[in-house]
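The values are calculated or read from the model by the stated rules, or taken from the named source; none is laboratory data. No experiment lies behind these values; they were computed from the predicted model shown. Here Cβ is always computed from backbone atoms with ideal geometry, including for glycine, and neighbour counts include all displayed protein chains. Remember, those area values only see protein heavy atoms, side chains included, never the ligands or the DNA or RNA. Shrake-Rupley method; radii C 1.70, N 1.55, O 1.52, S 1.80 Å.
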Amino acid sequence: MHQEEIYYSIALTRMTGFNFQTALLLYRELGGGQAVYEHRNDIGDVIPDASPRLRESLKNWDEALHRAAAEMNFINKGNIRVLTLHDADYPQRLSECPDAPILLYYKGTANLNQRYVVDMVGTRRCTQYGQDLIRHFISDLHQQCPEVLIVSGLAYGIDICAHRTALKQGYETVGILAHGLDQIYPSPHRDTAAQMLSQGGLLTEYMSQTEALPNNFRQRNRIVAGISDATILVESAHKGGGLITCRIAQEYGRDVFAFPGAVGATYSEGCNLLIRNNTAGLITSATDFIESMGWQTVGKKQEAIERQIFPDLTTEEQQIVALLQQTNDLQLNLISVKSNIPIGQLTAHLFSLEMKGIVRPLAGGTYHLLA
């Protein structure tokens, strides 16, 4: 990527006359930070709805460009990668979110577009129960499904336990930070963070000299949710940052799961509440999770045998299979719209395909075409 585009994109994030969503709108509409700068004096011609305040605020980039130049120097010295929304290495799952960061600062080795990405969140005061859940879950998950990137926030409790367990089990793990890459917060986690640089990485939307302010953690949670296929809540009180991440994940249309806990246990209240309200799927093991996500790596031989026993498909079944081959994991209503098959008939066809070992129903009325 051209250094100029990175330079102007960093500057765009520093412009103070408008909010983050407006900056993202400008970036998407014009195609990049440099394009926004080039149209700073005629933005009304490109975006007719631009307010007078926005037009005026875009004219003076002096402070923003000065800060961007300093950041470019820090990036080059620190061997930090800058990923903009148009970069091929930018997390594609995150780019689909309506409030995706214009750019990310990244240091590490992990593929942010790994085949599967899971984030594990929860209380900063996790109990032995929560630690045991994480150890058993990640160990079993690695045995059954090795192509997974584990994501969390490097905080005390559930976060750091997930990172350390992932490292121990041989998974790559990425920490999403609420500050710049010139520091590690909390400081006791520096050794773990250093290990993650060669077995995962550290990722943030914040430039250097950005302090770990409370609002930054709330903003950070959207990246944790958006970069992942699924969010897993391990332990949480009635209120907490983990619940915020779960809510954001739900808004993004991502899968959310929670481990249940004992009735009355303080740090299981949040998990039990999500399960009770049907806003999180209940899991007790990695096998539960893998089956719910449709990530099975076992049983395929039997499914292949079933296909040989039931090789013939009706015209409607062939149509459904063709749709899922183009875009897998479609919800029932979308299959109905795309295939023009009424819901009542479609349900019967999908059940037939399930019996033939060709599709598998997932959580949320979604259907997965088996490999």
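Before moving on, here are some points about what is shown:
- Legend: residues Lys107, Lys77, sorted from most to least accessible area (1.4 Å probe; ligands, DNA and RNA excluded), read Lys77, Lys107.
- Were the residues from Asp191 through Phe74 laid out at 0.36 nm apart, the gain over their Cα-Cα distance would be 39.9 nm.
- FRET E, pair Gln325, Glu251, Förster distance 30 Å, beta-carbon r, rounded to 0.05: 0.55
- Close amide H contacts of His368 (hydrogens built in the peptide plane, cut-off under 5 Å, sequence separation of 5 or more or a different chain): Arg360, Leu362.
- Once C-alpha pairs closer than 8 Å and six or more residues apart are averaged by separation and normalised to the residue number of the chain, the relative contact order reads 12 percent.
- Computed with every protein chain present, the accessible area of Asp62 is close to 110 Å² [probe 1.4 Å].
- GNM remark for the chain: springs join alpha carbons under 10 Å apart, and the peak mean-square fluctuation among Leu233, Leu112, Leu346 falls on Leu346.
- Residue-normalised accessible area of the chain, expressed per residue, 1.4 Å probe, Å²: 47 Å²
- Helical content of the chain, expressed as a calculated mean residue ellipticity at 222 nm, amounts to -14000 deg cm²/dmol (DSSP H runs of 4 or more residues, -39,500 (n - 2.57) each, divided by residue number, nearest 500).
- Share of carbon and sulfur in the accessible heavy-atom surface of the range 81-211 [1.4 Å probe, %]: 44 percent
- Restricting the range 209-299 to trypsin sites (Lys or Arg not before Pro) that sit in a DSSP loop and have at most 11 other Cβ atoms within 10 Å of their own Cβ leaves Lys239.
- A Gaussian network model of the chain, with springs between Cα atoms under 10 Å, assigns the largest mean-square fluctuation among Ala110, Ala50, Ala178 to Ala50.
- Along the axis of the charge dipole computed for the range 161-270 (Cβ charges of +1 for Lys and Arg, -1 for Asp and Glu, origin at the Cα centre), the listed residues Ala249, Ile223, Ala237 are led at the positive end by Ala237.
- Between the helical axis of 315-326 and the longest alpha-carbon principal axis of the chain there is an angle of about 30 degrees.
- Taking amide hydrogens as placed 1.01 Å from N in the peptide plane, the amide H of Asp255 sits under 5 Å from those of Thr231, each at least 5 positions away in sequence or on another chain.
- Gyration tensor verdict on the chain (Cα atoms; rounded if a/c is under 1.5, prolate if a/b is larger than b/c, oblate otherwise): oblate
- Rounded to 10°, Cα long-axis angle of helix 214-226 versus longest principal axis of the chain: 40 degrees
- Between 0 and 90°, nearest 10: helix 158-169 axis offset from the chain longest Cα axis: 70 degrees
- Largest accessible area first, the residues Glu63, Glu5, Glu317 order themselves as Glu63, Glu5, Glu317 under a 1.4 Å probe with ligands, DNA and RNA left out.
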